[in-house]
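S.K.: Just passing along the structure, written as structure tokens.
Laboratory data are not the source of any read-out in this text; all were calculated from the coordinates shown. As the structure is a computational prediction, the values presented were derived from the model and not from experiment. For neighbour counting, all protein chains shown are included, and Cβ atoms are generated from backbone atoms with ideal geometry for every residue, glycine included.
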Amino acid sequence: MLSRVADALFWMSRYLERAEHLARLLDVSFHLELDLRGVTARPAEQLAQSLASILQQATPELNGHASGPLAGLGHWFTFETNNPTCIMGCLTRARMNARGVRGNISSAMWRELNKLYWQLKDPEFTARASESPHDFYQAVECGSLLFQGVCDATMTRDEGWQFIQLGKYLERADKTLRILDVRYHMLQNLQNPMDLPLSNLQWAAVLRSCRAYEAFQRTYVGRVDPERVVEFLLLHESFPRSVRFCLEQSARALDAIDADKDQNGRQADRLLGRVISDLKFVERDQLQPGRLHEFLSGLLDRCTRASVALQNQYALR
């Protein structure tokens, strides 16, 4: 496969997955802020700070937004055309990549992505979403899931499909790790028994940010315990948004692409294999509060290096 085509398919998938995560994070944060009003001091400021950290975006100029910092951050990441990392910026890049390789994706995939793009560009829809952004975020998430479903239903499992899987799962693993790292640091002080209802609410929001709440409840019946949340989102072998699952799927896709390649040229495969091995055989004390940040930071760093190695390996931008 031409590197230009592989590049477009990889980034089409990755940008769409990024837009979906961004929409869900914003939606969950705004609903959580409503639940926390009158319960904790300055919940909007705390959530805005954690959101900016997860998304690696410094936005000090939004502190003076009329509706508060969280609303300002939401506007910046949803509607602000000057922000290239906003939802529309990600979708625009996904659509541009898809348009450049329309012959390598199915017509149904292009139709779903194009339909989502023009729905979100519609002035009437955008005006309504400015008042109540929940419908906007739901449209993004549903559009992304429709695209993924059509992709799996209409594409052969060739190299193009494998590059789409790589983009999706590497982005998903990255966002799950960042959500866990930032939110655990933010919530680690909620250890007092009096804080139990608040802790449950906050950790349920972490699960919803990864679309994991219902799957978690089916696995662990009872309260939302922080240690169980970390274990579930990091190590569960069959939940499709856990870090281990995402990295294993990425490794399978790479192995399918590299089946005939010399082992010496497979640096990305080796890096992913080591991370997966660490997750499979992790010692439980590494997931304790005092060491978790170091462990998650190490995983993030190595996932980033694997992604860079992948881009160098296949001349991806």
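S.K.: In whole Hz, what ³J(HN,Hα) sequence does segment 140-146 give by Karplus (6.51, -1.76, 1.60; θ = phi - 60°), x for Gly and Pro?
M.R.: Result, rounded to whole Hz: 5, 5, 5, x, 5, 5, 4.
S.K.: With an 8 Å cut-off on Cα pairs and a minimum separation of 6 or more residues, tell me the relative contact order of the chain in percent.
M.R.: On the way: 352 pairs, mean separation 70.4, N = 317.
For the chain, the relative contact order is 22 percent.
S.K.: For the chain, give the magnitude of the charge dipole about the Cα centre (Cβ charges: +1 Lys/Arg, -1 Asp/Glu; no others), in debye to the nearest 20.
M.R.: Working: 38 positive and 38 negative charges, 101 e Å.
Dipole size: approximately 480 debye.
S.K.: A follow-up question, please. Taking 8 Å as the Cα distance limit and 6 or more residues as the minimum spacing, I'd like the relative contact order of segment 1-154 as a percentage.
M.R.: Details: 137 pairs, mean separation 47.3, N = 154.
It rounds to 31 percent for segment 1-154.
S.K.: In which sequence would 163, 239 go, from the one with the fewest C-beta neighbours within 10 Å to the one with the most?
M.R.: On the way: 163 28, 239 19.
Sorted ascending by nearby Cβ count, the order is 239, 163.
S.K.: Same structure again: Which of these values of Kirkwood radius over Cα pairs in Å was calculated from the structure shown: (i) 20.4; (ii) 19.6; (iii) 21.9?
M.R.: Of the listed options (i) 20.4; (ii) 19.6; (iii) 21.9, (i) comes from this structure.
S.K.: Could you give me the ³J(HN,Hα) list for segment 239-251, computed from phi with Karplus coefficients 6.51, -1.76, 1.60 and θ = phi - 60°, whole Hz, x at Gly and Pro?
M.R.: Those phi angles translate into 7, x, 10, 6, 5, 4, 4, 4, 6, 5, 5, 4, 5 Hz.
S.K.: I need the calculated FRET efficiency for the pair residue 302 and residue 145, taking r as the beta carbon distance and R₀ as 22 Å, to the nearest 0.05. Each step should come with its number before you reach the end.
M.R.: Values: r = 29 Å, r/R0 = 1.30.
The formula returns an efficiency of 0.15 here.
S.K.: Also, I was wondering about something else. Whole angstrom only: what separates the Cα centroid of segment 132-171 from the Cα centroid of segment 233-257?
M.R.: 16 Å
S.K.: Something else now. Place a +1 charge on the Cβ of each Lys and Arg in segment 91-215 and a -1 charge on the Cβ of each Asp and Glu, then give the dipole magnitude about the Cα centre in debye, rounded to the nearest 20.
M.R.: Values: 16 positive and 14 negative charges, 74 e Å.
Value, rounded to 20: 360 debye.
S.K.: For n ≥ 4 DSSP H runs only, could you compute -39500 (n - 2.57) per run for the chain, divide by its residues and tell me the 222 nm figure to the nearest 500?
M.R.: Numbers: 14 runs with 229 residues, N = 317.
Computed mean residue ellipticity for the chain: -24000 deg cm²/dmol.
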